[in-house]
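The values are calculated or read from the model by the stated rules, or taken from the named source; none is laboratory data. Since this is a predicted model, take the numbers as computed values, not measurements. Note that each Cβ is placed from the backbone with ideal geometry, even for glycine, and that neighbours are counted across all protein chains shown. Note: areas computed on protein heavy atoms with side chains; ligands, DNA, RNA excluded. Shrake-Rupley method; radii C 1.70, N 1.55, O 1.52, S 1.80 Å.
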Amino acid sequence: MSHDTRFGGASNPVQPAMPQPQGPRTAEVFANDADPVSALVEGLGEGPFALICLFVSPDGPFRAVTAEATRRFAPAPVMSCTTAGEIGRTGYVEGRIIAVGFPAADFAASAVMFRSLSASDPLSFADELVRSRLTLSASVPHMESSFAFLMVDGLSLKEDILAASLSPALGGMPFFGGSAGDGVDFERTRVALGAETAQDAAVLAVIRTDLPIRVFTLDHLRPTEERMVVTEAEPGARIVKTINAEPAAREYARIVGKDPDGLDTFTFAAHPVAVRIGNRHHVRAIQRVTPSGELQFFSAIDEGMVLTVAESADISQHLEAELSALANPQPPLSVLSCDCLLRRIEAEQGQTIRALSDTLARHRVVGFSTYGEQFGPLHVNHTMTGVAFYPRPASD
Amino acid sequence: MLVNPNDSLERQNEKLLRITEALMRRVEQKSEESGLAYAQFERASLLEGRVSERTAQLERALDLLQESNARLGQANREAESAQKNLADAIETVAEGFALFDSNERLVLANSRFCRDLYDIKPRLSQGLPFAAYVQAVSESRELSLPSAVTPGDWAARRMSRHGDAHSSFNVELKGDRWLQVSEHRTASGGTVILQTDVTKILRAERREREKLQHGHAQMLRATIDHLTQGVAIFDAQARLAGWNDRLVELFGIALAPSAVGAGFRAVCERISASCRFVDRLTPEALVEWAGSRAGRSSLTFELATEAGRILEAFAQELPDRGFMISVSDVTAERQAARSLQQINELLEKRVEARTLELEDALAAAERANASKSRFVAAASHDLMQPLSAAKLFVSSLRDRVESPPALELAAKAGQALGNVEEIITALLDISRLDASKDVFDVQSVPLRAVFEPLRHQLEPLARQKGLGLHIVASDLVVRSDPGFLRRIVQNLLSNALRYTSTGKVLVGVRRNGGSARIEVWDTGPGIAPEDQRLIFQEFQRLGAASTHAASDGLGLGLAIVERACHGLGHPLSLWSEPGRGSCFSLNVPLCRGPHHLPEARTVCAEPDLTDRAPLVLLVENDPSLARAITIMVEGWGAHVLHAPSGEEALDLLAEVQLRPDALLLDQQLGPGMTGTDLFQLMQRRFGAIPTRLLSADRSRELREACAAMGLEFMGKPIDRERLGRFLAAL
């Protein structure tokens, strides 16, 4: 039921006289390239690697790419997912395959796949994860930093339960991830570990390194006073049927002041709704309007839930400020991130996509556009989450 | 707005009811199984919130822990570093170092500590008691103990010093190696031991000392051998310690090297065998001197060898109570001294003989000189008497002839006789000046008294030659001999008048500090520089001026001036420029004190007898006194007939057949008649003539005898003024 591959650390102890690490290496290739994997192999340079992550545009032959990559990068585990867009060297791109390689010199990793999410007890994943984590931890005790990185089927509807179940098993280890996407088609999202591709599945990597890291989440939205109550829902399908006892789409349109018949992804991106739990807000992003006028969400909903309309601050300025904060006191070697599709759509709508791309490129951010982000035990939307890698302190 | 305000109220109400129902269901957690995902999310979120909070707290706690850990780590590192530094520092010390704590246990020692005692080195572990350390050292095979000192002794002695606050001592190791060990008490009662390897230092020091001693000995030996004296050195026990070859050579005795250590008595006997002690010191006394152990004072004695050498020996105590005898061969010196003494004696004899000869010669010369002076004086006197007589005869003759030619002849004869008289007077002056300085009678002299008579005397001559004669009057009073001063000025004036054909002659006086400068100027031909010295010699004459009197021609005038000035100490100088004239000047010291009274008296006392020119008969057997009186009286213008005795005076008068105007008679006139005898005879023969009896005998008898005869007594030395008044009153 699970695939467990363990590489790195134990067989590859850190060499004492290594050059200053560059952190994870990245390569980028067009998804429709005749032989994209060769380009990626060449781009990542000489191994060995502890882990390879592939963010594959839905334009590409996902199964073929993962299989070839697994063969070419062996014995390094290769974890892959489909995307709703990629973040490459130049910021937001589309139709590409982004590869992130973690050199075995600096990293040790193990990855597991969780299959049939909808039919499984999440606690069994946790058991599996604990074992995997402890084994890795024992094998590379000198690598003091660690984090867990999740790729999960973005249409599985199980991200909330998965995140909430896995997080305790990680024992306080920083944990983030992204939901695999399918462009803006919302039809088929896939993940893969090695040559095995799957839907209704997730791949989790536990990564240890002796480089300093920082796992982060960014949320540029602020709640307003505008609220609504979910009066009728189908939580298993993340479908809200009525809001304020009115058909959900129409009432949402009324409250955000839009034409009920013109609701689209851009509207949802521009006018996100959030739930307030305690004094924190979590965006519940709307995926689409069903033909019957209901709203399907990207994350768990329930009846009686109060939705608060959130408004966006300047996403470009906010990103610049947050990434600069990450670069203080020392700029990271690179940043691996899962960025919500809706942010990208919001930026396109606000025509700040170029500025955002520049900011991402300047801060060496790579990753992909998601259908949702996991941060700790939470599955949320409309955020950017990720991990930054820093050079070793000079005194080491 | 939660509900659309455009709805009917019924609709709004219905919606609110449904909203309320949904919220209530939610609150009551009545979600179906299908709502599990959101519930999970909600719980996770709440949990996450609490976890975050707790995590933050934990992180803070962790930070604090890490901080304190870091401090602890830092402190540990510092402590370790300090300990390491201490160990390193101790290790870098070049000496062996060990520290014992206050419980006398070894705390630490560096690798150099006891390095050379390698057999006990392994036992020096931490915690070793001090006593055990000392015992171990004392038993070390490497330790070199002085003979008769057991390890136990050494350890006991070592321990006895352990109590000291600071101690330092040297320890000898096998193989001539040395350790200097210094021990110090620390403030906390511990003990620090420092071991320094001083082997090199000690060895170098020893080498240096040996070198120095050897060098000194060599130098001393070379010095002794180099001496020209024979040297023998004896130690404090008066045993022969050394000698040089010269000593052997001087004494002519052989000293084998084995003689070192021989007693002084034996040495002395050997010397006595070949030498004789010359002076009082006996060999026995010398042996006794050598035998006294200390405080010997230096001895000098002489020896005579059989070969005839004289040796001088000098014995002196040395600082180490030994003594040294140095012997010099003084044979040559003694011989030289003897020769020198002989020569000296010979020379002394010769000097004595020569001195006698010279004394004879001197006496002869003096006699000759005196006889010359006497001869000149006598000759002059002898000439003078007949000359005076001749003048008197001529004078008588002029009274008796009447024919003009005869009168002219008589006048010329009188003039010629006058000239001869002047020459003879000049010669007399010179002979007097040459004979002695006693001739001067220095007193206060008003210059007026000198100049005025000269003016009267010389003005006619100047007028005759058509020359102007100016004598500037002066009130100055000088210290000089009046007669000679007058003669000096007179001669200078005469000389000036003689050589000056036209123009004038001037006499002036100017004050010149403490003296009066008398200057005699003329407008004569001047004197060439090369002749200026010459003119002061006798019988020198410049230019041809033979028209003058014969006495002029003899040129005695300036010779007299020069001698008189020299004798009186009146510096004489001459300025002259040929063709323009000359100036003779002399400096005469001014008389100090008031002059007015003496001046007045002196003026009276200097009578001018020129006009009457009385004839004075002087009978005086002392030639110099007679000369003095003659010059003085003649200076006043009188004529003097002098006879040394009464008999000769009577003969002279009989010869010239003149009756003197005055008589000056000395009482003691040698073997013949006395002054008073002569006076009575003269009274009988010539009647009453003013007379003074001159005598140094101021006895009452003589005075009374004179008074009885009506003869006035004048005591010697003669009062010039009184004599002047007597003659002036004639």
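Looking at segment A:173-180, can you tell me whether even one residue there is in the same structural domain as A:L342 (by TED's automatic domain parsing), crowded, with 21+ Cβ neighbours inside 10 Å and more than 16 Å from A:F55 (Cα to Cα)? Reasoning before the result, please.
Taking segment A:173-180 and keeping what is in the same structural domain as A:L342 (by TED's automatic domain parsing), we get A:173-180.
If we keep only those that are crowded, with 21+ Cβ neighbours inside 10 Å as well, we get A:175-180.
From what is left, the residues that are more than 16 Å from A:F55 (Cα to Cα) are A:175.
Yes, segment A:173-180 has at least one match.
Annotation: of all residues in segment A:207-222 being under 27 Å from A:V283 (Cα atoms) and β-branched (V, I, T), the one that is surrounded by the most Cβ atoms within 10 Å (Cβ to Cβ) is A:I213.
Could you say whether any residue in segment A:155-168 is open to solvent by less than 10 Å² (accessible area, probe 1.4 Å), under 23 Å from A:L326 (Cβ atoms) and within 14 Å of another protein chain (Cβ to nearest Cβ)? There is at least one residue in segment A:155-168 that is open to solvent by less than 10 Å² (accessible area, probe 1.4 Å), under 23 Å from A:L326 (Cβ atoms) and within 14 Å of another protein chain (Cβ to nearest Cβ). When segment A:346-396 is filtered for residues that are within 17 Å of A:A313 (Cα to Cα) and of a type in the set (A, V, I, L, M), the ones remaining, listed by number, are A:A347, A:I353, A:A355, A:L356, A:M384. In the set (1) under 24 Å from B:D245 (Cβ atoms); (2) open to solvent by 30 Å² or more (accessible area, probe 1.4 Å), B:L281 fails one condition alone, (1). Among the candidates B:R18, B:R26, the residue that is within 9 Å of chain A (Cβ to nearest Cβ), open to solvent by less than 40 Å² (accessible area, probe 1.4 Å), part of a helix (DSSP H, G or I) and more than 30 Å from A:G171 (Cβ to Cβ) is uniquely B:R26.
One line per residue, one yes/no per condition, for (1) within 13 Å of chain A (Cβ to nearest Cβ); (2) over 28 Å from A:V230 (Cα atoms); (3) at pLDDT 80 or above:
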| site | (1), (2), (3) |
| --- | --- |
| B:E32 | yes, no, no |
| B:L36 | yes, no, no |
| B:Q40 | yes, no, no |
| B:L47 | yes, no, no |
| B:T55 | yes, yes, no |
| B:R60 | no, yes, yes |
| B:L65 | no, yes, yes |
| B:S68 | no, yes, yes |
| B:L72 | no, yes, yes |
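Checked against the criterion of being closer than 30 Å to B:G242 by Cα, at pLDDT 85 or above and assigned to a helix (DSSP H, G or I), segment B:361-370 contains not a single residue that satisfies it.
Checking the stated criteria, A:D264 turns out not to satisfy the condition of being among the charged types (D, E, K, R), open to solvent by 40 Å² or more (accessible area, probe 1.4 Å) and within 14 Å of another protein chain (Cβ to nearest Cβ).
Find the strands (runs of 3 or more DSSP E) located wholly in segment B:178-277 whose residues include 2 or more that are open to solvent by 20 Å² or more (accessible area, probe 1.4 Å) and closer than 29 Å to B:L145 by Cα, and list them. Lay out the reasoning, then the answer.
Details: elements: B:191-197, B:230-234, B:240-243, B:275-277.
Once the strands (runs of 3 or more DSSP E) in segment B:178-277 are filtered for at least 2 residues that are open to solvent by 20 Å² or more (accessible area, probe 1.4 Å) and closer than 29 Å to B:L145 by Cα, what remains is B:191-197.
All of (1) in contact with a helix residue (DSSP H, G or I) (Cβ under 7 Å, 6 or more places away or on another chain); (2) open to solvent by 50 Å² or more (accessible area, probe 1.4 Å) hold for A:D314 with one exception: (1).
Can you name every residue in segment A:308-347 that is in a strand (DSSP E or B), within 18 Å of the chain's Cα centre (by Cα) and not charged (D, E, K, R)?
Pass one, segment A:308-347, residues in a strand (DSSP E or B): A:308-312, A:334-340.
Still in the list and also within 18 Å of the chain's Cα centre (by Cα): A:334-340.
Residues satisfying the conditions are A:S334, A:V335, A:L336, A:S337, A:C338, A:C340.
Consider segment B:163-175. How many of its residues are buried (at least 16 other Cβ atoms within 10 Å of the Cβ) and farther than 19 Å from B:D197 by Cα? Summing the residues that are buried (at least 16 other Cβ atoms within 10 Å of the Cβ) and farther than 19 Å from B:D197 by Cα in segment B:163-175 gives 0.
Give the residue, chosen from B:E701, B:E655, that is free of Cβ contacts under 8 Å to residues at least 12 places away in the same chain, open to solvent by 30 Å² or more (accessible area, probe 1.4 Å) and outside any strand (DSSP E or B). Residue meeting the stated conditions: B:E701.
Name the residues in segment B:471-491 that are closer than 13 Å to B:V588 by Cβ and either out of contact with any helix residue (DSSP H, G or I) (no Cβ under 7 Å at 6 or more places or on another chain) or not in a strand (DSSP E or B) (or both), would you? Correct list: B:S474, B:L476, B:R479, B:D481, B:P482, B:F484, B:L485, B:R486, B:I488, B:V489.
Only one of the listed residues (A:I239, A:I243, A:I301) is within 11 Å of chain B (Cβ to nearest Cβ), buried (at least 22 other Cβ atoms within 10 Å of the Cβ) and modelled with pLDDT of 90 or more. That residue is A:I243.
Condition first: assigned by TED's automatic domain parsing to the domain that holds A:C53, modelled with pLDDT of 90 or more, touching a Leu at 6+ places or on another chain (Cβ under 7 Å) and open to solvent by less than 10 Å² (accessible area, probe 1.4 Å). Can you find one or more residues in segment A:355-362 that meet it? There is at least one residue in segment A:355-362 that is assigned by TED's automatic domain parsing to the domain that holds A:C53, modelled with pLDDT of 90 or more, touching a Leu at 6+ places or on another chain (Cβ under 7 Å) and open to solvent by less than 10 Å² (accessible area, probe 1.4 Å).
For beta carbons closer than 7 Å, sequence separation of 6+ or different chains, a first residue in segment B:489-508 that is of a type in the set (V, I, T) and a second that is buried (at least 22 other Cβ atoms within 10 Å of the Cβ) and at pLDDT below 85, there are no qualifying pairs. Determine, yes or no, whether A:P331 is surrounded by fewer than 22 Cβ atoms within 10 Å (Cβ to Cβ), under 30 Å from B:R26 (Cβ atoms) and more than 14 Å from chain B (Cβ to nearest Cβ). When the stated conditions are applied, A:P331 does not pass them. Of all residues in segment B:330-358, none satisfies the criterion of being modelled with pLDDT of 90 or more and either touching a Pro at 6+ places or on another chain (Cβ under 6 Å) or not in a helix (DSSP H, G or I) (or both). Could you list, in sequence order, all residues of segment A:269-287 that are more than 14 Å from chain B (Cβ to nearest Cβ), open to solvent by 10 Å² or more (accessible area, probe 1.4 Å) and farther than 20 Å from A:T231 by Cβ? The answer is A:A270, and nothing else.
Could you tell me whether segment B:449-457 includes any residue that is in contact with a Ser or Thr (Cβ under 9 Å, 6 or more places away or on another chain), among the aromatic types (F, W, Y), under 18 Å from B:L568 (Cβ atoms) and at pLDDT below 85? Scanning segment B:449-457 turns up no residue that is in contact with a Ser or Thr (Cβ under 9 Å, 6 or more places away or on another chain), among the aromatic types (F, W, Y), under 18 Å from B:L568 (Cβ atoms) and at pLDDT below 85.
Among residues of segment A:30-50 that are in the same structural domain as A:F102 (by TED's automatic domain parsing), those with a beta-carbon under 6 Å from a residue that is polar (S, T, N, Q) at least six positions away or on a different chain give the pairs A:A31/A:S57. As a summary of the residue check, A:M143 satisfies the conditions (1) under 30 Å from A:Q330 (Cβ atoms); (2) outside any strand (DSSP E or B); (3) within 14 Å of another protein chain (Cβ to nearest Cβ); (4) in contact (Cβ under 8 Å) with a residue 60 or more places away in the chain except for the one numbered (3).
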